[in-house]
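Written out below as C-alpha coordinates is the structure these notes cover.
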Amino acid sequence: MNCHTQFKWKKVYRYLWGPIIKPFRCHVCHQEHLITMKGRFMLSLLYLPATLFILFLTPFQSILLNLGIGMLLLLIGSLLSPLVVRFKLDHTIY
(Lines give C-alpha, C1' and ligand atoms only; values in the text may rest on other atoms or scores of the structure.)
Protein backbone atom coordinates (compact mmCIF):
# COMPACT_ATOMS: atom_id res chain seq x y z
CA MET A 1 0.00 0.00 0.00
CA ASN A 2 1.31 3.43 -0.93
CA CYS A 3 -0.69 6.43 0.28
CA HIS A 4 1.12 9.02 -1.93
CA THR A 5 1.35 11.46 0.97
CA GLN A 6 3.57 14.48 0.35
CA PHE A 7 6.33 14.57 2.96
CA LYS A 8 6.73 17.83 4.84
CA TRP A 9 9.90 19.82 4.18
CA LYS A 10 10.71 20.01 7.90
CA LYS A 11 10.53 16.23 8.42
CA VAL A 12 12.68 15.50 5.35
CA TYR A 13 15.21 18.16 6.45
CA ARG A 14 15.53 16.56 9.89
CA TYR A 15 15.87 13.13 8.29
CA LEU A 16 18.71 14.32 6.05
CA TRP A 17 20.70 15.45 9.11
CA GLY A 18 20.73 11.89 10.44
CA PRO A 19 22.03 8.64 9.01
CA ILE A 20 20.30 8.52 5.60
CA ILE A 21 20.93 4.78 5.38
CA LYS A 22 17.97 4.07 7.64
CA PRO A 23 14.53 4.29 6.02
CA PHE A 24 12.25 7.31 6.24
CA ARG A 25 8.85 6.32 7.63
CA CYS A 26 5.61 7.84 6.31
CA HIS A 27 3.55 9.28 9.17
CA VAL A 28 0.26 8.28 7.49
CA CYS A 29 0.68 4.71 6.21
CA HIS A 30 3.88 3.86 8.15
CA GLN A 31 5.59 2.55 4.99
CA GLU A 32 9.36 2.87 4.93
CA HIS A 33 11.05 4.80 2.12
CA LEU A 34 14.68 5.01 0.99
CA ILE A 35 16.45 7.76 -0.93
CA THR A 36 16.90 6.82 -4.58
CA MET A 37 20.35 6.84 -6.18
CA LYS A 38 19.25 9.81 -8.29
CA GLY A 39 18.26 11.59 -5.07
CA ARG A 40 21.67 10.92 -3.53
CA PHE A 41 23.35 12.21 -6.68
CA MET A 42 21.25 15.39 -6.57
CA LEU A 43 22.21 15.90 -2.92
CA SER A 44 25.89 15.66 -3.79
CA LEU A 45 25.43 18.20 -6.59
CA LEU A 46 23.90 20.67 -4.12
CA TYR A 47 27.01 20.60 -1.93
CA LEU A 48 29.54 20.54 -4.77
CA PRO A 49 29.63 24.33 -5.40
CA ALA A 50 30.31 25.10 -1.74
CA THR A 51 33.00 22.45 -1.52
CA LEU A 52 34.72 23.65 -4.67
CA PHE A 53 34.50 27.27 -3.53
CA ILE A 54 35.99 26.57 -0.10
CA LEU A 55 38.76 24.27 -1.35
CA PHE A 56 39.82 25.75 -4.68
CA LEU A 57 38.07 28.96 -5.68
CA THR A 58 39.21 31.57 -3.21
CA PRO A 59 38.73 34.82 -5.12
CA PHE A 60 38.97 37.09 -2.08
CA GLN A 61 42.10 37.99 -0.14
CA SER A 62 40.28 37.51 3.17
CA ILE A 63 40.12 33.94 4.48
CA LEU A 64 37.11 34.84 6.61
CA LEU A 65 35.22 36.19 3.60
CA ASN A 66 35.99 33.04 1.60
CA LEU A 67 34.85 30.81 4.46
CA GLY A 68 31.77 32.95 5.02
CA ILE A 69 30.66 32.69 1.40
CA GLY A 70 31.43 28.96 1.41
CA MET A 71 29.32 28.50 4.54
CA LEU A 72 26.51 30.53 2.96
CA LEU A 73 26.60 28.22 -0.07
CA LEU A 74 26.47 25.21 2.27
CA LEU A 75 23.46 26.69 4.07
CA ILE A 76 21.64 27.33 0.80
CA GLY A 77 22.39 23.77 -0.36
CA SER A 78 21.20 22.41 2.96
CA LEU A 79 17.92 24.33 2.80
CA LEU A 80 17.28 23.19 -0.79
CA SER A 81 18.11 19.54 -0.12
CA PRO A 82 14.59 18.42 0.94
CA LEU A 83 13.26 19.77 -2.36
CA VAL A 84 15.55 17.71 -4.61
CA VAL A 85 15.73 14.38 -2.77
CA ARG A 86 13.52 11.57 -4.05
CA PHE A 87 12.30 8.51 -2.18
CA LYS A 88 11.26 4.99 -3.16
CA LEU A 89 9.46 2.32 -1.16
CA ASP A 90 11.73 0.01 0.82
CA HIS A 91 10.96 -3.52 -0.38
CA THR A 92 13.59 -5.33 1.67
CA ILE A 93 12.35 -8.16 3.86
CA TYR A 94 13.89 -8.54 7.29
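Which one of Ile76, Ile63, Ile35 has the biggest mean-square fluctuation once the chain is modelled by GNM with Cα springs under 10 Å?
Ile63
Out of the total accessible area of the chain (probe 1.4 Å, heavy atoms of protein only), what percent is carbon and sulfur?
70 percent
How far is helix 37-55 tilted off the main Cα axis of the chain, in degrees rounded to 10, range 0 to 90?
Once rounded, one gets 10 degrees.
Solvent-accessible area per residue for segment 7-82 at a 1.4 Å probe radius, Å²?
For segment 7-82, the solvent-accessible area averages 70 Å² per residue.
If you look at just the Cα atoms of the chain, how large are its Rg and its Dmax in Å?
Rg, Dmax (Cα atoms, Å): 16.6, 57.
Put His33, His27, His91 in order of accessible area, largest first, 1.4 Å probe: what do you get?
His91, His27, His33
The values are calculated or read from the model by the stated rules, or taken from the named source; none is laboratory data. If you're wondering where the values come from, they're calculated on a predicted model, not measured in any experiment. Ligands, DNA and RNA are excluded from the accessible area calculation, which covers all protein heavy atoms including side chains. Shrake-Rupley method; radii C 1.70, N 1.55, O 1.52, S 1.80 Å.
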